[in-house]
Amino acid sequence: MLTIKNVTKRFGGLTAVNNISFSIKENEIIGLIGPNGAGKTTLLNLLCGIYKVDSGSIRFQGKEITHLAPNQICHIGISRTYQIPQPFDAMTAIGGVTVAVINGKKRENMTLSDAGLNASYFLEFVGLFGKRDTLAKDLTLYELRMLELARALATSPKLLLLDEAMAGLNPGEAAKALDMVWSAQEQFGVTILWIEHVMKVIMKAADRLVVLQYGEKIDEGKPETVMSNERVIEAYLGGKDAEN
Amino acid sequence: MVSIELKRDRLLMRWKQQKYEWIIEPRYWRNPILWSLLLLVFPLFISGYPNILTMVTMANLYAAITIPLALQMTGTGRMNFGPQFYLGLGGYTSALLNLHLGFTPFFTLLATILICLIIALLLSPITWIAKGLYFSLITLILPLALLDLTYIFSDLFKGEVGLMGMDPIISLGRVTWNYVAYYYFSVFLMLLFLLVAEKISHSRFGLTMASINENEDVALMMGVNVNKYKVFYYVFPSILTGIIGWFIVHTFRTFAGVTYLPLDFMIKMLIIVMIGGRASVYGMIPGAYFVCFLEEILRSIGTSNYFVFPLVLIITLVILPRGEGLYGLYHKRHPRDYFPVMRVRRE
């Protein structure tokens, strides 16, 4: 579905993403992990077109998307959430989702009220229907994360990029959020690329893991096999000696 | 028979099967027909006082300038500090074409629209590249540059004196009638702009506009073609402002850049935007009327006017409830109504 081939991105002298290649199959959940500054979010920004790729290519469903603008990438079906939730502060929850419904995909003859109805479906799905008329700035962190998810799903994506969806949530909320992601995959048939720091969650959720360190891919595979790789342990825990 | 009955919050009137009710609290009087009627009947009582009539006409024109300005500020997500640039552009275009080439008012209108369209399209890329304070700075400088041009080429633009003797739109034979007619024209323009702005801001495009004002980058990620929208919301209100310039030229029949292009005119416009209701389109009308009346009243106290006028405006801004301006007094806001947040500095 998505093929990333030899992608490199430099910021001045710093190579944030160096020669990374992997691919994603349909209906998979891919976990993207790595220590801080490994280039995970940069890779995500490259996928949604915020940054332009220096070299290499990104193909989505056989179509080159390397040089498309973010809004065009959104139209062909890639949507994302933010690490730090970025709601439209002065708009209500339903307002923000309605914007995504209207603009996410070409929908001919959709009036504002139709879009509002559609948006309320997504809000209901993430459990925020009761808060639809609350301004986004008054929502809690968990609700903001759910609002982000609703907004991302409302653009009717085929590939959903989650950037640390669990950061700052307590275990109960994290479990709820994980269920939400699973049911989103089931109901909307989305493929998910998931950056996560909470290992417990990502080990449970991901079909495959991709590990980055210093902008390079150091391993890829099933969660159990990846976690037994020495280089991954070194990257995360600082070598075998650190454990003692 | 007719029966009238006073409930706690409303007046009920029954006649046969019909029921009419009138909510007593003024902020629920949201009947646009009522207010439009008031605007239409009002000049008949004051037609004997041409100075008041001119003032009210001016208030209508201020509102007609600030309504597109409010639309522009939300649509591009930036504070425009030079709305009067297109006023000057439209005014000079129609005045010069009328004086030197003999265009009739109808053709000068077309020319004004065309010139404003071209110039605004040429300048619209500044909405893409100018971030933070720079958009405000650039738009601040444009009208001042135009003003300087009118001084430099004063043979053509007649610098400080201004151009005079353009054809009127309509001439009814008596001066008073003309004033009343111009008042109605200005009301028509104002209500037309209000209707257009209202229709835009309460449609799906208005919601998208709000998202651009909130956060451009996120809007872009949600598939909004931000660049296209910003060009539209820069160009379209500019044309509307140009039309006001055309109107001033063909009604007051004198046009000088000194009156409309300097900074104090801009400050008046921005104050109307803030005092009327922070870029909500309806608020511009009470804002414009308030500022015009205040100016007229304070003119009598002489030079201390320069001190008292801003003081009164500051006090008004502070004491108005919830920062929603004059319109907030009248209108009870539903949470779903988007109320724009104006920021001069943006990332």
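The values are calculated or read from the model by the stated rules, or taken from the named source; none is laboratory data. In this text, all values refer to a predicted model and were calculated from it rather than measured experimentally. When we count neighbours, we look across all protein chains shown, and the Cβ atoms used for this are built from the backbone with ideal geometry, even at glycine.
Has region B:155-167 got at least one residue that is over 30 Å from B:Leu40 (Cβ atoms), under 25 Å from the mean Cα position of the chain (by Cα), at pLDDT 90 or above and of a type in the set (A, V, I, L, M, F, W, C)?
No, region B:155-167 contains no residue that is over 30 Å from B:Leu40 (Cβ atoms), under 25 Å from the mean Cα position of the chain (by Cα), at pLDDT 90 or above and of a type in the set (A, V, I, L, M, F, W, C).
Can you tell me which residue within region A:55-75, out of those that are more than 26 Å from A:Arg10 (Cβ to Cβ) and more than 8 Å from chain B (Cβ to nearest Cβ), is farthest from the chain's Cα centre (by Cα)?
A:Gly62
How about region B:169-185: which of its residues are among the aromatic types (Phe, Trp, Tyr) and more than 18 Å from B:Gly91 (Cα to Cα)?
Once the filter is applied, which keeps residues that are among the aromatic types (Phe, Trp, Tyr) and more than 18 Å from B:Gly91 (Cα to Cα), region B:169-185 yields B:Trp177, B:Tyr179, B:Tyr183, B:Tyr184.
Kindly indicate whether any position in region A:31-48 is of a type in the set (Gly, Ala, Ser) and within 14 Å of chain B (Cβ to nearest Cβ).
Among the residues of region A:31-48, not one is of a type in the set (Gly, Ala, Ser) and within 14 Å of chain B (Cβ to nearest Cβ), which makes the answer no.
If the requirement is being within 15 Å of the chain's Cα centre (by Cα) and at pLDDT 85 or above, which of these qualifies: B:Thr76, B:Thr66?
So the residue among B:Thr76, B:Thr66 that is within 15 Å of the chain's Cα centre (by Cα) and at pLDDT 85 or above is B:Thr66.
Looking at region B:152-169, I want the residues that are assigned by TED's automatic domain parsing to the domain that holds B:Gly257 and in contact (Cβ under 8 Å) with a residue 40 or more places away in the chain and have a partner that is in a loop (DSSP other than H, G, I, E, B) and among the hydrophobic types (A, V, I, L, M, F, W, C) with Cβ atoms under 6 Å, at least 6 apart or on another chain. Which pairs are those?
Short answer, once both residue conditions are applied: B:Gly162/B:Ala256.
Report yes if B:Leu38 is within 30 Å of B:Ala181 (Cβ to Cβ), modelled with pLDDT of 85 or more and not in a strand (DSSP E or B), otherwise no.
Yes.
Please work out which residue is nearest to the other protein chains (Cβ to nearest Cβ), limiting yourself to region A:88-112 and to residues that are farther than 17 Å from B:Gly223 by Cβ and modelled with pLDDT of 90 or more.
Among those that are farther than 17 Å from B:Gly223 by Cβ and modelled with pLDDT of 90 or more, it is A:Thr92.
A quick yes/no check of all residues on (1) without any contact (Cβ under 8 Å) to a residue 40 or more places away in the chain; (2) surrounded by fewer than 18 Cβ atoms within 10 Å (Cβ to Cβ); (3) outside the structural domain of B:Thr74 (by TED's automatic domain parsing); (4) farther than 30 Å from B:Val41 by Cβ:
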{"residue": "B:Tyr179", "(1), (2), (3), (4)": "no, no, no, no"}
{"residue": "B:Tyr183", "(1), (2), (3), (4)": "no, no, no, no"}
{"residue": "B:Met190", "(1), (2), (3), (4)": "no, no, no, no"}
{"residue": "B:Gly206", "(1), (2), (3), (4)": "no, no, no, yes"}
{"residue": "B:Asn215", "(1), (2), (3), (4)": "yes, no, no, yes"}
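Filter region A:17-48 down to residues that are polar (S, T, N, Q) and buried (at least 16 other Cβ atoms within 10 Å of the Cβ) and give me whichever is farthest from A:Asp179 (Cα to Cα).
A:Asn18
Please give the number of the condition B:Leu326 fails out of (1) closer than 22 Å to B:Phe193 by Cα; (2) assigned to a helix (DSSP H, G or I); (3) of a type outside the set (Phe, Trp, Tyr); (4) more than 16 Å from the chain's Cα centre (by Cα).
Every condition holds for B:Leu326 apart from (4).
Kindly check whether there is at least one residue in region B:190-200 that is under 23 Å from A:Thr155 (Cα atoms), out of contact with any Gly (no Cβ under 9 Å at 6 or more places or on another chain) and not acidic (Asp, Glu).
no
Got a number for residues in region A:1-16 being loosely packed, with under 14 Cβ neighbours inside 10 Å and more than 13 Å from A:Tyr214 (Cα to Cα)?
Looking only at that region, the number is 4.
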